[in-house]
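Below is one structure, written out as structure tokens; comments come after it.
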Amino acid sequence: MGKLERIYRRTAAGQRALESQDPELSSGHRQILALLKDEMRWDEMRKVLRRHADLQRLGELEIQGLVAYETAAADADLDFTGSFA
């Protein structure tokens, strides 16, 4: 099996926190939640979240259950376009 890659997504709780403008979340946390409209691969997240503080916020959102990730093989055909002839 190839290298595993993280694919991030906003959880239902994260969606509610974003929609409700939860005062417990900083503007930085809300920005990260807003970025995750759909699933996003780790390499894309890393490009967007260049600052150490943003990466730390992402970890905090994971701990709070507002962001989650799944692992998939990095070479997996996640959009199934590879199966078209």
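Bear in mind these aren't lab numbers, they're just calculated from the coordinates by the rules spelled out. Keep in mind it's a predicted model, so treat the numbers as computed, not measured. All Cβ positions, even for glycine, are placed from backbone atoms using ideal geometry, and neighbour counts span all protein chains on display.
Sorting check: for 8-17, 52-61, which peptide has the highest mean count of neighbouring beta carbons within 10 Å, and how do the rest follow?
Numbers: 8-17: 17.2, 52-61: 15.6.
For the peptides 8-17, 52-61, the packing ranking is 8-17, 52-61.
Starting from the amide H of T11, placed 1.01 Å from N in the peptide plane, find each other amide H under 5 Å away whose residue is 5 or more places distant or on another chain.
The answer is V67, A68.
Can you work out the Karplus-derived ³J(HN,Hα) for every residue in the range 53-59? Use 6.51 cos²θ - 1.76 cosθ + 1.60 with θ = phi - 60°, whole Hz, and x for glycine or proline.
Here the 3J(HN,Hα) series is 4, 5, 5, 5, 4, 4, x Hz.
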